[in-house]
Amino acid sequence: MDDPGDSDERRMLEMFPKFIFLAAIMIIIIFFAYFFTINNLRTETIEREIFFNRIIYSTNALAYYDEDIGRTYLGRIDLEKLNTTNLEKSINYSNNYFFAARITLQGKDPVYYHKELWETLEPLAKAKIRGPGGADYRVKEFRASYIENGTLKSAPIKIEVIRARS
Amino acid sequence: MNKKGSERKAIFLTAMALLGLIVGLAIFKGVSNFLDDTTYWKIYYARDLGLLMDIGMAARGDIEINYNFIQAEKPLVFKLKKQHIEIYDYNPEIKEPVLTTFRFATDNKIIIGTNELLASYFKIFFSEDKVNVSEEPLEQALCPGLNTSSAPEFTLIFVKSDNPEIEELIKNGLKIENFVITLSPELASLSLVVQKTEKESLNFYYEKETRRSKKLSCLIKNQIIEDNPEGLFISRLEKIEDNSEWKNTLANAKLGMLVKVNNLNNEIGKSITKGVISYYG
């Protein structure tokens, strides 16, 4: 192999197939590691959607429920339920650090779900900090009806949710 | 290029590449046979059930959901707690199992019926004021479509049980179908060992031929479920332990299966016989 007269370039050329073989083995090992790695399950989006829907449609949250006929009216909210205490009782996590929300019905004061957490996470959400320790902000606006003083009214409602990223 | 030895070098490199490919495939097969994805499924089920709790409590009306853990290869324990789900591997030898948990939000007007289940199938009930879970009996499954048919006259089966009555019952059932009973596992096409266990409902252990073992255990299980629809809640198939007394018995035959049932009786014995017959049918 190392005959007199063999130059370095020639030896490098002879080594070339070995480099290809080494590269193939490394690709196989990386493939194994990728293939057998447990994939992360990302459920943040669906958790947020479920939280939104729970606020809007849950009988014990905001949705108007007629006890006489046992019917929940979708798209109609009960003003008596639009308060912090009711929201926090009807959607109660063991740890109060997951979600914070602000619900604003036009013409009414905003109602908070975990106000202290909202005030903590809102700057983080606005700053759009990436990675753990940040927060994700989403908003939904739609038109909702409600009964006030015996009259059926309709107004836009804005639901803002911030989810702590951890 | 046309020097002496360059042809030999090309052949050598080709041989090296082929060898590398064979070694790579062998490692791949070995690792994939060894691993299972139970950890992934524990995480999946914990999140799925936790989110299902949130959805169920927000829904209107009564809901009944049939749920199953059949994707996980090992039996899992499901614990419904007040504000979270816990899932862990079932192993009586481990006193403090590693829990996979996921939280859900409760509603002060809905009572959570906390429960701990060791079952492959269970039901979740949601109503206006409560949430309950209850285990459900095993259901029949689709078995691997492998061709395992064999003429009974040329199929030697070795049968052994710690219950002599059951052993005799299975042997007689197979003889009626013209199977040949052998006393020597080395000559047998199938070594079948049936034992009673104090543990969970129905366990199958094999030594080799994974797909054939899956088919045989599936057929036996389906037959037991058909004949005893309310009896079983959990079932698993796994490789026999190295220190098991039956390892050699299973290894010596072409196919070996150790069946452990916690309510071993004549009905179960007949179901096992029917399962074996349908395997070779």
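The values are calculated or read from the model by the stated rules, or taken from the named source; none is laboratory data. What you see is a predicted model, and the numbers here were worked out from it, not measured in a lab. For neighbour counting, all protein chains shown are included, and Cβ atoms are generated from backbone atoms with ideal geometry for every residue, glycine included.
Summary of values
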{"quantity": "Region A:139-156, subset over 29 Å from the mean Cα position of the chain (by Cα) and of a type in the set (A, V, I, L, M, F, W, C), residue farthest from residue A:63 (Cα to Cα)", "calculated": "A:152"}
{"quantity": "From the options B:10, B:17, B:26, residue that is at pLDDT 70 or above, more than 11 Å from chain A (Cβ to nearest Cβ) and more than 19 Å from residue B:71 (Cα to Cα)", "calculated": "B:26"}
{"quantity": "Subset of region A:92-137 (residues that are exposed (fewer than 15 other Cβ atoms within 10 Å of the Cβ), within 14 Å of chain B (Cβ to nearest Cβ) and in contact (Cβ under 8 Å) with a residue 40 or more places away in the chain)", "calculated": "A:97"}
{"quantity": "Long-range neighbours under 8 Å by Cβ, at least six apart or interchain, first residue free of Cβ contacts under 8 Å to residues at least 24 places away in the same chain within region B:143-154, second surrounded by 10 or more Cβ atoms within 10 Å (Cβ to Cβ) and basic (Lys, Arg)", "calculated": "none"}
{"quantity": "Among the residues listed as B:207, B:165, B:200, B:177, the single one being acidic (Asp, Glu), in contact with a Leu (Cβ under 8 Å, 6 or more places away or on another chain) and at pLDDT 90 or above", "calculated": "B:207"}
{"quantity": "Any chance residue B:96 is within 30 Å of the chain's Cα centre (by Cα), more than 8 Å from chain A (Cβ to nearest Cβ) and exposed (fewer than 12 other Cβ atoms within 10 Å of the Cβ)", "calculated": "yes"}
{"quantity": "Residues of region A:53-67 that turn out to be within 18 Å of residue A:156 (Cβ to Cβ), in contact with a Phe, Trp or Tyr (Cβ under 8 Å, 6 or more places away or on another chain) and either of a type in the set (Ser, Thr, Tyr) or free of Cβ contacts under 8 Å to residues at least 40 places away in the same chain (or both), as a count", "calculated": "2"}
{"quantity": "Members of region B:29-80 that are touching a helix residue (DSSP H, G or I) at 6+ places or on another chain (Cβ under 7 Å), at the interface with chain A (Cβ under 10 Å from one of its Cβ atoms) and not in a loop (DSSP other than H, G, I, E, B)", "calculated": "B:31, B:51, B:54, B:55, B:58"}
{"quantity": "Subset of region B:135-160 that is touching a Leu at 6+ places or on another chain (Cβ under 8 Å) and in a strand (DSSP E or B) - its residue that is surrounded by the most Cβ atoms within 10 Å (Cβ to Cβ)", "calculated": "B:159"}
{"quantity": "Residue tally, condition out of contact with any Leu (no Cβ under 7 Å at 6 or more places or on another chain) and in contact (Cβ under 8 Å) with a residue 12 or more places away in the chain, over region B:74-101", "calculated": "13"}
{"quantity": "Failed item in (1) within 30 Å of residue B:26 (Cα to Cα); (2) assigned by TED's automatic domain parsing to the domain that holds residue A:132, with residue A:34 passing the rest", "calculated": "(2)"}
{"quantity": "Of all residues in region A:41-62 being more than 9 Å from chain B (Cβ to nearest Cβ) and assigned to a loop (DSSP other than H, G, I, E, B), the one that is surrounded by the most Cβ atoms within 10 Å (Cβ to Cβ)", "calculated": "A:62"}
{"quantity": "Candidate set: region A:63-91, residues that are closer than 15 Å to residue A:161 by Cα and within 12 Å of chain B (Cβ to nearest Cβ); chosen: the one surrounded by the fewest Cβ atoms within 10 Å (Cβ to Cβ)", "calculated": "A:88"}
{"quantity": "Residue tally, condition in contact with a Gly (Cβ under 7 Å, 6 or more places away or on another chain) and under 25 Å from residue A:78 (Cβ atoms), over region A:110-166", "calculated": "3"}
{"quantity": "Qualifying residue in region B:114-122 (condition: in contact with a Leu (Cβ under 6 Å, 6 or more places away or on another chain) and either within 14 Å of chain A (Cβ to nearest Cβ) or surrounded by fewer than 19 Cβ atoms within 10 Å (Cβ to Cβ) (or both))", "calculated": "yes"}
{"quantity": "The one condition in (1) buried (at least 18 other Cβ atoms within 10 Å of the Cβ); (2) within 14 Å of chain A (Cβ to nearest Cβ) that residue B:83 fails to fulfil", "calculated": "(1)"}
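Yes/no matrix, rows are residues, columns are (1) of a type in the set (D, E, K, R); (2) at positive phi; (3) under 19 Å from the mean Cα position of the chain (by Cα):
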position: B:169; (1), (2), (3): no, no, no
position: B:188; (1), (2), (3): no, no, no
position: B:203; (1), (2), (3): no, no, yes
position: B:218; (1), (2), (3): no, no, yes
position: B:235; (1), (2), (3): no, no, yes
position: B:244; (1), (2), (3): no, no, yes
position: B:253; (1), (2), (3): no, no, no
position: B:260; (1), (2), (3): yes, no, yes
